[in-house]
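Notes follow once the structure below has been shown.
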Amino acid sequence: MTTGENRRFDATAGDSIYRTPRAELTVESSANEFYVVSKLKFAVLYLATLGLYEVYWFYRHWHQYRLYHGESLWPVPRAIFSIVFAYPLFRRFERRNAAAGDPVRWSPGVFAGLYILLYLVSNFAELAAPEGEDAIAILVAFVAMILALVLLQGVQDIVNRAVGDPDASVNRRFSVANIAWITVGLLFWSMTLIGLAIGLGLFNPPV
């Protein structure tokens with residue numbers, strides 16, 4: 001290799017060091033418009049975290065949408081105040097669903113309304129319950145949480161098909177972090193079920 005060739009090679013190498021990595025840009029620009037997750041993984045994480053996964057679910061959808069479109073929006077507040085931003089997000093799901101030519105037709109307004117109702121029931125059932133009826137309030141909140149899971153799972157299924165990954169092949173496996181959350185969630189579930197059993201008089205712990 002000649003000296004001139006060496007100089008050309010070194011210049012190219014140096015330039016590649018400071019150049020923005022093209023691979024990262026390609027990944028971001030080709031990312032799905034919305035968050036993809038399998039129905040099984042969604043259900044397990046939702047139940048294991050006592051519904052807290054729902055906040056992360058909304059966050060990831062808004063985060064993915066922002067990356068895909070380059071819009072200036074804040075995913076975190078939209079996830080925390082999901083009852084306010086559920087309908088706008090579901091409307092975006094519906095538009096993508098229609099653009100993909102999916103034969104399933106659904107009403108984002110109805111789904112958002114049901115979600116808001118179930119959210120309020122599951123989070124405020126205990127406050128609305130008569131004094132001394134905590135166990136009944138927990139049962140009502142639990143039923144509302146399960147119904148919300150079924151509803152959001154159905155929405156996620158529509159999203160998976162709309163982005164061309166009906167089986168959610170990109171996000172089916174459980175990561176180490178997922179397993180850690182599931183483990184912590186099981187501990188909370190144990191405490192909740194014991195408290196419910198005591199409240200219903202089904203279990204009397206030794207004094």
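The numbers here are math on the coordinates, done by the rules we state, and not lab data. Values in this document were obtained by computation on a predicted structure and should not be read as measured data. With ideal geometry, Cβ positions are generated from the backbone for all residues, glycine too; neighbour counts draw on all protein chains shown.
The packing ranking of peptides 172-182, 90-100, 62-72, 32-42, highest mean first, is 32-42, 90-100, 62-72, 172-182, where packing means the average number of other beta carbon atoms within 10 angstrom of each residue.
Stretching Ile179 away from Ser72 to a fully extended chain increases their span by 35.2 nm, per 0.36 nm per residue minus the current alpha-carbon distance.
Tell me, what is the FRET efficiency for Val110 and Leu186 to the nearest 0.05, using R0 = 35 angstrom and their Cβ-Cβ distance as r?
0.55
Label-to-label distance for Val143 and Ala98 is 3.6 nm, based on points extended 7 Å past Cα in the beta-carbon direction. Rounded to whole numbers, the Karplus 3J(HN,Hα) couplings from phi for the stretch 95-103 are 5, 5, 4, 5, 5, 7, x, 5, x Hz, using 6.51 cos²θ - 1.76 cosθ + 1.60 with θ = phi - 60°, and x at Gly and Pro. Highest-first packing order for the peptide set 76-88, 136-148 is 136-148, 76-88, based on the mean count of other beta carbon atoms within 10 Å.
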